[in-house]
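Working notes, structure below.
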Amino acid sequence: MKRLLSILLFIPILGFSQGGYYNDNKSDVSKLCDFYRGNSFSSNVSAENALNRILEVTGMSKRFVLYPCNDIDNCLATSYKGIRYILYDRYFMEEIANNTSSWSKISILAHEVGHHVNGHSIDLLSIASGQIDAPTLKESRQMEIEADEYSGFVLQKLGASLAQAQSAINRLSSNGDDSYSTHPNRVKRLAAIERGYNRAKGQSSSYSNTSSTLTAEDYFYRAYNAPKNAH
């Protein structure tokens with residue numbers, strides 16, 4: 001069980017919802033926080049503002065719950081009872097930013113949004129209870145690469161330099177053999193961010209004014225899979 005919890009804590013799995021939390025889902029969010037705690041941002045307002053910047057630059061609407069969970073030492077995406085969440089430890093986020101730059105918080109949050117956009121949302125409590133199988137290590141590493149590419153894409157659109165877009169991963173990741181890890185090594189992750197960053201440079205900013213009838217997933221695949229002439 002200890003090994004399973006370790007895997008779950010580091011599988012970033014996302015979804016879309018409204019900012020903050022719904023009153024009728026407050027007890028569910030509390031259960032999620034207790035799960036990750038038991039087994040950042042300075043305030044929820046600043047987290048919401050950062051999320052809004054990410055969504056605005058990509059033309060997305062809020063379709064997931066953003067909620068602070070202290071003492072989980074992580075930022076992650078998950079789903080529960082059909083609702084998709086991004087949970088974050090504000091102190092963890094602040095520590096990363098204090099040792100890099102404020103761009104790190106945005107890149108971490110963008111990474112989590114990238115999991116949602118790429119369809120990685122999984123009910124982690126269902127995995128823990130044995131109702132569904134956890135992704136394989138290879139599948140988990142591929143999810144991370146896809147989310148890293150998305151993060152690089154967003155950070156370029158927001159005006160960050162490539163070094164700023166990569167700063168959080170430079171601090172959080174390590175090199176070496178990743179065969180038995182849920183996350184790729186640093187070299188692979190930095191390369192993924194750079195691919196997303198360069199792809200954004202080759203695209204028109206007109207995507208930010210996309211029609212409100214498009215869903216977040218519609219927008220992402222329209223923008224992200226459009227002209228790929230940047231290298």
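How much length would be gained if the chain were fully extended between residue 201 and residue 126, taking 0.36 nm per residue of separation minus their Cα-Cα distance, in nm to one decimal?
23.1 nm
Kindly provide the trypsin sites (Lys or Arg not before Pro) of segment 62-167 that DSSP labels as loop, not H, G, I, E or B, and whose Cβ sees at most 13 other Cβ atoms within 10 Å.
The qualifying sites are 81.
Coordinate-derived values only; no laboratory data. Just so you know, these numbers come straight off a predicted model, no measurement behind them. Heads up, the Cβs are rebuilt from the backbone with ideal geometry, glycines too, and the neighbour counts pull from every protein chain shown.
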